[in-house]
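Please read the structure below before turning to the comments.
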Protein chains: 2
Amino acid sequence: MADIKMPTRLLFLREEELRQGIELLYFAYRDFTRGPDEILSEYGFGRAHHRVIYFVGRHPGMTVSDLLGILRITKQSLSRVLGQLVEEGFIIQDKGERDRRQRLLTLTEKGVELERQLSQNQRERIARAYRNAGADAVEGFRQVMLGIVDEADRARFDRPREPGA
Amino acid sequence: MADIKMPTRLLFLREEELRQGIELLYFAYRDFTRGPDEILSEYGFGRAHHRVIYFVGRHPGMTVSDLLGILRITKQSLSRVLGQLVEEGFIIQDKGERDRRQRLLTLTEKGVELERQLSQNQRERIARAYRNAGADAVEGFRQVMLGIVDEADRARFDRPREPGA
DNA sequence: TTTTTATGTCAGCCATGTTGACTCATTTTC
DNA sequence: GAAAATGAGTCAACATGGCTGACATAAAAA
């Protein structure tokens, strides 16, 4: 449908624009993860541990299924890293009250501290990019990124409300 | 510096905004890579092969060093996947004319076809997101993403010029 | 001529994904 | 109340793709 009477130079621009989009995602992600990776290696942890710590910090009391749904990995893969994090005292598991089969996950103080250390690096990087680009650009960024995310997960990004507002 | 007389609710909004930024990157990247991953597995390839095919397609005749610089992995890691791609006829290596130590990398026809198949999925995803968000949003997306990328690599995203313009 | 550079190679390690099979406790359904 | 479904965990084996270290070769640069 895009090739109905479109001059070659416009096709070229479009192709180039889309490829730059692909590469922005690749380079941004590559650079975005390097900071935390370095910190993690001091603890003998990897990126998988970071993801677990991040999302448990973000959703205290979440279940193992919730976490599996976000990470989209198998429970066997998760269990390895989660087990280590529990073992080493970064996360605690409590039986659910409503459903006692569930294991509700929460960061310990130690876990909270590591989480902050890890995400601080990323928050700073994002903050700098937002500040330099300006509010309108940030809104555009949000919209495009939301469009790239699978429809099923977009609801996670509903507008935040002020606490008590 | 951000904590000079800033009301709690604004701090909360800022924190929430930054965390959403972190998560947009995580979810977008996760979903962006799944399509190609499925195609690749039919060939017995992985994401690493995709990256090599992509960048060689993007920069025909690039050297091994160039590629290592982009991927930021060791030559031993690269050699595994690159070797397979050469072996199976997706990439050819030619000695450099100016410097005969170099191996200049180019996609074969077969390689070009696989590259298109792989990136088509991603181009479509980006195109849809761009279309739905609109031109201004795309510009904002570009600016923010560029701010996230390490300064050293931003020059890769200089504005494209029309061929022959 | 010596040194440096671009590339390749062998060997082994680690992190993190996968599948498949099975257990256990608890909740839900009939 | 018995049977089925669900949430979670475990063991074993395997694949991918990072890593380090040591060494080899050809060509360019000093």
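The values are calculated or read from the model by the stated rules, or taken from the named source; none is laboratory data. Quick caveat: nothing in here was measured; it's all calculated off a predicted structure. All Cβ positions, glycine included, derive from the backbone under ideal geometry; neighbour counts span all protein chains shown. With ligands, DNA and RNA removed, areas are computed over all heavy atoms of the protein, side chains included. Shrake-Rupley method; radii C 1.70, N 1.55, O 1.52, S 1.80 Å.
Per the rotation superposing chains B and A, the chain B residue found at the smallest beta carbon distance from the axis is B:Gly140, 1, distance in Å.
Would you calculate a helix-derived [θ] at 222 nm for the protein assembly as shown, using -39,500 (n - 2.57) for each DSSP H run of n ≥ 4 and dividing by the full residue count, to the nearest 500? Could you put the intermediate results ahead of the total?
Numbers: 12 runs with 214 residues, N = 330.
After summing the helix terms and dividing by residue count, I get -22000 deg cm²/dmol.
When a 1.4 Å probe is rolled over the protein heavy atoms, the share of accessible surface on the stretch B:8-155 that falls to carbon and sulfur comes to 47 percent. Summarising the label geometry, the points placed 7 Å from Cα in the beta-carbon direction at B:Arg101 and B:Arg116 lie 3.8 nm from one another.
State the extension gain, in nm to one decimal, for the chain segment bounded by A:Arg159 and A:Glu16, taking 0.36 nm per residue of separation less the distance between their alpha-carbons. Please list the in-between numbers first.
Values: separation 143, 0.36 × 143 = 51.48 nm, distance 3.23 nm.
Gain on stretching A:Arg159 to A:Glu16: 48.2 nm.
Accessible area buried by the pairing of B and A, both sides summed with a 1.4 Å probe, works out to roughly 6800 Å².
Compute the length gained on full extension between B:His59 and B:Asn132: take 0.36 nm times their separation in residues and subtract their Cα-Cα distance, giving the result in nm to one decimal.
Values: separation 73, 0.36 × 73 = 26.28 nm, distance 2.97 nm.
Net length gain for the segment: 23.3 nm.
For peptide A:36-46, what's the mean number of Cβ atoms from other chains within 10 Å of each residue's Cβ? Spell out each step's value before the answer.
On the way: counts 0, 0, 0, 0, 0, 0, 0, 0, 0, 0, 0.
Across the residues of A:36-46, the mean count of other-chain Cβ atoms within 10 Å is 0.
Give the peptides B:95-103, A:117-125, A:24-32 in descending order of average Cβ contacts within 10 Å, highest first. It would help to have the intermediate numbers written out before the result.
Details: B:95-103: 10.6, A:117-125: 18.0, A:24-32: 20.1.
So the order, starting with the most tightly packed, is A:24-32, A:117-125, B:95-103.
For A:Asn132, the distances from its label point to the matching points in the remaining copies are 2.9 nm, ordered from shortest, with each point set 7 Å beyond Cα toward Cβ.
Rounded to the nearest 0.05, what FRET efficiency do B:Glu109 and B:Ile73 give with R0 = 30 Å and r taken as the Cβ-Cβ distance? Could you check?
Working: r = 27 Å, r/R0 = 0.90.
Computed FRET efficiency for B:Glu109 and B:Ile73 comes out at 0.65.
How high is the relative contact order of the stretch B:8-155, given as a whole-number percent (alpha carbon pairs under 8 Å, six or more residues apart)?
On the way: 103 pairs, mean separation 33.1, N = 148.
This gives 22 percent for the stretch B:8-155.
Annotation: peptides B:74-80, A:61-67, ranked by per-residue average of other Cβ atoms within 10 Å with the highest first, follow the order A:61-67, B:74-80. Under 16 Å of direct C-alpha separation, and excluding same-chain neighbours fewer than eight residues apart, B:Lys75 reaches these aspartates and glutamates: B:Asp66. In this structure the stretch B:46-142 gives 55 Å² per residue of accessible area when probed at 1.4 Å with all protein chains present. The label point for A:Glu151 and the one for A:Glu42, both projected 7 Å from the Cα toward the Cβ, are 4.5 nm apart.
Residue by residue through B:49-58, how many Cβ atoms from other chains fall within 10 Å of the Cβ on average? Mind dumping the intermediate values first?
Details: counts 0, 0, 2, 0, 0, 4, 2, 0, 1, 3.
Mean number of neighbouring Cβ atoms from other chains: 1.
Taking amide H positions as modeled 1.01 Å from N, with prolines and chain starts lacking one, no residue 5 or more places away or on another chain lies under 5 Å from A:His59.
Would you mind working out the magnitude of the charge dipole of the protein assembly as shown relative to its Cα centre, with +1 at each Lys and Arg C-beta and -1 at each Asp and Glu C-beta, to the nearest 20 Debye? Please list the in-between numbers first.
Working: 56 positive and 52 negative charges, 15 e Å.
Dipole about the Cα centre, nearest 20: 80 debye.
Counted over the stretch A:8-156 with a bin width of 10 Å, the fraction of Cα pairs per bin, in whole percents, is 9, 31, 33, 18, 7, 2, 0.
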